[in-house]
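The values are calculated or read from the model by the stated rules, or taken from the named source; none is laboratory data. Since we're looking at a predicted model, the values are computed, not measured. Neighbour counts run over all protein chains shown; Cβ positions are idealised from the backbone, glycine included.
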Amino acid sequence: MSSSSNPTSSAYKKAVEKLGLKPNIARALELPDRELTVEVPFRKDNGELESVIGFRVQHNNTRGPFKGGIRYHQHVDIDEVRSLATLMTWKTSLLDIPYGGGKGGIGVDPTKFSKTELERMSRRFFRAIDPVIGVNVDIPAPDVNTNAQVMSWFMDEYSQIHGYSPAIVTGKPLELGGSEGREAATGKGTAVITRETSEKWGIDLKNCKVVIQGFGNVGSYAAKFLHEYGCKIIAVSDVSGGLFDPDGLDIPSLFDHNYQNRTIDGFDQGKKITNEELLALECDFLIPAALGSAINDSNVDSLKCKVIVEAANGPVTGDAANKLWERKIAIIPDILTNAGGVTVSYFEWVQNLQQFKWTEDEVNKKLEEKMVNAFDEVYTIKKEKSVPMRIASFMVAIDRVHSAYHLREG
Ligand code: NAD
């Protein structure tokens, strides 16, 4: 991806320029600290040996241990993992969480393997990266195609070598030290950021029109909380297509239908629409919560929303973002909007270290505080420097890492 179409690298360049960082410092903060590539051999159920390649990239730990998920996907390669690790450094810094950034993955299509094969692969991968991880060094988490079960295997594997260590990964099941509120956290954070945005942009939250692309973990919980705030969710979609009702969909019933069936397909309210039609609906907030690059050159001109709230990672390409800036359609960036997940992951780690469990209310209250503080910081910089919210977010995040870096370097 060219830097003009990669929103993260072009935002980084613009932000360091605005901050006036010297090129050597900008380069030092951009380069990853360590990149590890490992071979992961494991036995298939039929006794044959299979070998796949895994990665762990540790981008920056100036402000705390490396932190970031591990994904299993056939498209995973070192470039993708590096760019996601970098994004984690800025995301944890923006939320003022005492972590750096990391990411990992295995270039594999997990649907091709049985559960026992995936378990052997996961355990072998974790052994392979064991020399560079640790409770105060690098703390992995779930990402695309990994989940609480995979985290349980990771935690068990690490604990067999080093002794009982629940804090080595986050996103664990509640029974193994997972946190209350983690499942809903990213959607809740998205709703909080949308609410804060409505206030600053002069949009009446009650009855404002919201469109959400993607109704998985993030999209469905964002819809649930926004509905509770009084917003009218007029359309949602998933991979099966979209549903539209100008008077607002019955979100509690749709949430339950989706929770049971893992799809919105078959829900008996709303007119069926395509994902392209959904993106072109007139609304106050458009929330892409599915795929990267969902809003791009091919569809950006059709958009009729006032604000885009990026719940997915990188849903708006850099070129599309430039066009939206010209049309005065604001974008609330991913590193701010979807940071609720890593924030509650951090709370999980803190609870594990304290060997003490917080209630769901405590988690939600602390999450809300963190999200609102980050939003306010970004909005202040946006106003002071007259920059888009994405650049303001990167400025806050980079400045915080840079200050810590400067102090540690002396
Ligand atoms: P998920 O797998 O639970 O849900 C994805 C949703 O997108 C599903 O409803 C799926 O049907 C839909 N979808 C897939 N392809 C689509 C298409 N072509 N058109 C419309 N919808 C489509 O994933 P999730 O955990 O909700 O994550 C969504 C996004 O948020 C991803 O970009 C992810 O990286 C990002 N994110 C997630 C978290 C988290 O805590 N889950 C945290 C930060 C960022």
**Q.** Criterion (part of a helix (DSSP H, G or I) and within 16 Å of the ligand (Cβ to nearest atom)) met by exactly one of THR111, THR116
**A.** THR111
Q: Could you tell me whether the stretch 378-394 includes any residue that is within 16 Å of the ligand (Cβ to nearest atom) and either in a loop (DSSP other than H, G, I, E, B) or more than 18 Å from PHE225 (Cβ to Cβ) (or both)?
A: yes
Q: Taking only the stretch 218-243 into account, find how many residues are surrounded by fewer than 18 Cβ atoms within 10 Å (Cβ to Cβ) and within 16 Å of the ligand (Cβ to nearest atom).
A: 3
Q | Cβ pairs under 6 Å, 6+ apart, first in the stretch 214-226 and in contact (Cβ under 8 Å) with a residue 12 or more places away in the chain, second within 6 Å of the ligand (Cβ to nearest atom) and part of a helix (DSSP H, G or I) | A | VAL218/THR186
**Q.** Evaluation of GLY314 against (1) within 22 Å of the chain's Cα centre (by Cα); (2) modelled with pLDDT of 95 or more (one fails), failing number
**A.** (2)
Q) Name the pairs whose Cβ atoms lie under 9 Å apart, with the first residue in the stretch 194-212 and without any contact (Cβ under 8 Å) to a residue 12 or more places away in the chain, the second among the hydrophobic types (A, V, I, L, M, F, W, C) and surrounded by fewer than 20 Cβ atoms within 10 Å (Cβ to Cβ), and 6 or more positions between them or separate chains? A) GLU199/LEU205
Q. Just wondering, is there one or more residues in the stretch 334-349 that are touching a residue at least 60 places away in the same chain (Cβ under 8 Å) and away from the ligand (no atom under 16 Å from the Cβ)?
A. no
**Q.** Residue list for the stretch 206-233, restricted to those being more than 23 Å from ASN261 (Cα to Cα) and not in a strand (DSSP E or B)
**A.** LYS206, ASN207, CYS208, TYR229, GLY230, CYS231
Q. For the stretch 244-268, which residues satisfy the criterion of being exposed (fewer than 14 other Cβ atoms within 10 Å of the Cβ), part of a loop (DSSP other than H, G, I, E, B) and more than 9 Å from the ligand (Cβ to nearest atom)?
A. PRO246, ASP247, GLY266, ASP268
Q. Given the conditions (1) in a strand (DSSP E or B); (2) hydrophobic (A, V, I, L, M, F, W, C); (3) surrounded by fewer than 18 Cβ atoms within 10 Å (Cβ to Cβ), and given that LEU291 satisfies all but one, which numbered condition is not satisfied?
A. (1)
**Q.** Qualifying residue in the stretch 277-287 (condition: farther than 24 Å from LYS323 by Cα, within 14 Å of the ligand (Cβ to nearest atom), at pLDDT 95 or above and of a type in the set (A, V, I, L, M, F, W, C))
**A.** no
Q: Scan the stretch 294-335 for residues that are aliphatic (A, V, I, L, M) and part of a strand (DSSP E or B) and report the count.
A: 8
Q.
Given the options ASP79, ASP45, name the one that is in contact with a Ser or Thr (Cβ under 9 Å, 6 or more places away or on another chain), farther than 14 Å from THR343 by Cα and either not in a strand (DSSP E or B) or not assigned by TED's automatic domain parsing to the domain that holds THR116 (or both).
A. ASP45
Q: Could you give me the residue pairs with C-beta distances under 8 Å whose first residue belongs to the stretch 245-266 and is not assigned by TED's automatic domain parsing to the domain that holds PHE225, whose second residue is more than 12 Å from the ligand (Cβ to nearest atom) wherever it lies, and which are 6+ apart or on separate chains?
A: none
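Every residue, every condition in (1) within 14 Å of the ligand (Cβ to nearest atom); (2) part of a helix (DSSP H, G or I), yes or no:
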| site | (1), (2) |
| --- | --- |
| ILE139 | no, no |
| VAL144 | yes, no |
| SER152 | no, yes |
| ASP156 | no, yes |
| ILE161 | no, yes |
| GLY171 | yes, no |
| THR186 | yes, yes |
| ALA191 | yes, yes |
| THR194 | no, yes |
Q | the stretch 111-133, subset without any contact (Cβ under 8 Å) to a residue 60 or more places away in the chain and surrounded by fewer than 19 Cβ atoms within 10 Å (Cβ to Cβ), residue nearest to the chain's Cα centre (by Cα) | A | THR111
